[in-house]
Amino acid sequence: MKTKIEFTKKLVYKAKDYILDQIENNEIKVDTKSSYNDFVTSVDKGVENFLVNAITNEFNNQTFLTEEAMVENKVGDESWIIDPIDGTTNFVYNQQYFAISIAHYVDGKPAFGIVYDVMADELYLGIHGEGAYINGKKLETLDQSLDFPDVIVSSSYSIFNDFDFTPEELNSNIIAHRYIGSAAIEICHVAHGRLHVYQARRLNLYDIAAAVIILDEVSGKWRFGDHYNSVNVGHESSIFYAGTNDNIFNFMDKNYLK
């Protein structure tokens, strides 16, 4: 597994070079998918092709689940779950706060996940059972005593449709409310202690598959659809929320309007 991890780390740095070249040369072509604000760019597709081809050429009998479906999506013994650019809207408008997300699952179980915040040059790595790291430095286990109101929450406005509290009730019981617009980055920020709650109404497996491995390794808590701290590889889109510890997560879970 160590060989695959080192290979994947080198791969995302190479993908970064491609992305920066596309930005510098103003070669980003933007299109839409399911709606007017569901963006896909030529860079999303280019990065995905690059990653899939490199992995396929290096390792035999690999399968893929990817956002842009540039390769046949199917689940096998060794699956790679890839979001080539998580935070495409940020990429289009801000050219920051977007990440490359790659997860490797073996027999449906997490092996390792990498989330690379390209413009911040922060590479998060989670290895199942071995810990989580940022740029090679091990992340500490999250504070298990932390509780409301000493928390920073990251979510879109949908939190007020999905949970049993008003904006006034939430804002009077937290330090601050934030929203970055990249699920992979925000989950990693919970793992890093920069945020304490993250919520999104509807995410896909490729949005979270790598980041939750990182969060697991520091004892974070999360829910994806009906699954708690676990995923069903191939799962359809569902609500997602995560917290630093049981105190914080249980408050969210109790107030979720199921």
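Going through region 114-142 one residue at a time, which ones are part of a loop (DSSP other than H, G, I, E, B), exposed (fewer than 15 other Cβ atoms within 10 Å of the Cβ) and not hydroxyl-bearing (Ser, Thr, Tyr)? Selection gives Ala120, Asp121, Gly129, Glu130, Asn135, Gly136, Glu140. The strands (runs of 3 or more DSSP E) found entirely in region 163-258 that carry 2 or more residues being outside the structural domain of Tyr133 (by TED's automatic domain parsing) and buried (at least 23 other Cβ atoms within 10 Å of the Cβ) are 197-203, 221-224, 238-243. Screening the candidates Ala99, Ala103 for the property of being crowded, with 17+ Cβ neighbours inside 10 Å, small (Gly, Ala, Ser) and in contact with an Asp or Glu (Cβ under 8 Å, 6 or more places away or on another chain) yields one hit, Ala99. Out of all the residues in region 92-113, is one or more in contact (Cβ under 8 Å) with a residue 24 or more places away in the chain and assigned to a helix (DSSP H, G or I)? Within region 92-113, one or more residues are in contact (Cβ under 8 Å) with a residue 24 or more places away in the chain and assigned to a helix (DSSP H, G or I).
Of everything listed in (1) touching an Asp or Glu at 6+ places or on another chain (Cβ under 7 Å); (2) within 12 Å of Ile100 (Cα to Cα); (3) surrounded by fewer than 17 Cβ atoms within 10 Å (Cβ to Cβ), the single unmet condition for Lys14 is (1). Within region 64-79, the set of residues being part of a strand (DSSP E or B) and closer than 13 Å to Gly108 by Cβ comprises Leu65, Glu78, Ser79.
Sort out which residues of region 164-185 are touching a strand residue (DSSP E or B) at 6+ places or on another chain (Cβ under 6 Å) and farther than 13 Å from Thr244 by Cβ, and write them in order of number. Passing the criteria: Ala176, His177, Arg178, Tyr179, Ser182, Ala183, Ala184, Ile185.
The set of residues in region 23-48 that are surrounded by fewer than 17 Cβ atoms within 10 Å (Cβ to Cβ) and not hydroxyl-bearing (Ser, Thr, Tyr) comprises Ile23, Glu24, Asn25, Asn26, Glu27, Ile28, Lys29, Val30, Asp31, Lys33, Asn37, Asp38. Among the residues of region 57-72, how many are of a type in the set (S, T, N, Q) and crowded, with 16+ Cβ neighbours inside 10 Å? Residues flagged as of a type in the set (S, T, N, Q) and crowded, with 16+ Cβ neighbours inside 10 Å within region 57-72 amount to 3.
The values are calculated or read from the model by the stated rules, or taken from the named source; none is laboratory data. Quick caveat: nothing in here was measured; it's all calculated off a predicted structure. Cβ coordinates were reconstructed from backbone atoms using ideal geometry, including for glycine residues, and neighbour counts include every protein chain displayed.
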